[in-house]
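Step one of this worksheet: look at the structure below.
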Amino acid sequence: MFVFYEEYGYMIRYYAMSGVSKKDLSNFASQVKLKKCKKSEASGYVRLSEKTQKNLQGQERGKDTKIKGIFKNAGDNVKYDDAEYEIASVGIKDDISGLYGKGFSSTVDLQEILDKNGKLKSYRRETLKGGDGRHSASISVADTKTVKQKMVYITMKIKNTGKEEKIINVCRPLTYLRKTKDGSWRILEEYNRPEAFRNCQLDKCAQYFQETDGGYRFYLKTLKPGQEEIYHIGYFVDEDLLDKAYIQIDGGGDSGKDNTGYIKITK
């Protein structure tokens, strides 16, 4: 909750971790009064403008992040943590016809992202840029455009190359990359999407898994040593980002390290 004290020109942020209703927080905030005092008598505080400025240094929205890793194309083999991953085939769809209904993540509201004919809707997407939070807005909209969504339907081969039974994250995260003129790789800047479309691309993770067992951990599979299986996975991707979309083979924990694998989903 943000409360602006107009007579002083200050805005104070109040927040609670859990167990406090909006009404209780509002009642608490209404009892707080500002009073001029000596610096030695003041309560501890951090200026939001200074905190925001520090947090944005080196990672402002609108500025691509340089990364390292192993970069492959669809059809190539990527090894990571006693497992091999290979995209056997890729299909680009304008709709979800023929896909198993229960294979979609619970975060996807299909009624919101499909039109009356069952095709994926277009939507208005904002490109964000960052400022220092003091002289310019910490986050603002640099550009807005209408974009089409696509369902990227991937057939993935996964093999346990280790000597022990292994639980494998089948539905790896998706990220968007570009290669610069100097040969370095960068993660693209962030975009702001309407809620329904943001949820169906939540955390850039796969939002469809055909071989699901159901439940929250639908994307985990147990493979025995030497066992190879084929899985069918779906991602919702903006049409203009199809050639920049890569599956990240590391589960997100080692992003940017030399051994992180990135497989391009389209040729």
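Some observations on this one:
- Order by protection proxy (mean Cβ within 10 Å, highest first), peptides 83-96, 178-191, 34-47, 196-209: 196-209, 83-96, 178-191, 34-47
- With the convex hull drawn around the C-alpha atoms of the chain, the volume per residue stands at 205 Å³.
- Computed magnitude of the charge dipole of region 86-192 (debye, nearest 20; Cβ of K, R +1, Cβ of D, E -1): 280
- For the residue pairs Lys116/Lys267; Lys163/Lys267; Lys79/Lys129; Lys22/Lys148; Lys157/Lys244; Lys181/Lys244, alpha carbon separations beyond 27 Å are given by Lys116/Lys267; Lys163/Lys267; Lys79/Lys129; Lys22/Lys148.
- Taken per residue, the accessible surface of the chain reaches 62 Å², heavy atoms only and a 1.4 Å probe.
- When only the Cβ of Lys, Arg, Asp and Glu is charged (+1, +1, -1, -1), the dipole of the chain relative to its Cα centre reaches about 880 debye.
- Efficiency of FRET between Tyr10 and Glu112 - r from beta-carbon atoms, R0 35 angstrom, step 0.05: 0.35
- Accessible carbon and sulfur surface of region 123-212 relative to its total accessible area, %, 1.4 Å: 43
- Modelled label positions at Met17 and Val32, each set 7 Å beyond Cα in the direction of Cβ, lie 1.8 nm from each other.
- Most tightly packed first, judged by the mean number of other beta-carbon atoms within 10 Å of their residues, the peptides 110-118, 240-248, 64-72 read 240-248, 64-72, 110-118.
The values are calculated or read from the model by the stated rules, or taken from the named source; none is laboratory data. Since the model is a prediction, treat every value here as computed from it, not as a measurement. We place every Cβ from the backbone using ideal geometry, glycine too, and count neighbours over all the protein chains shown. Note: areas computed on protein heavy atoms with side chains; ligands, DNA, RNA excluded. Shrake-Rupley method; radii C 1.70, N 1.55, O 1.52, S 1.80 Å.
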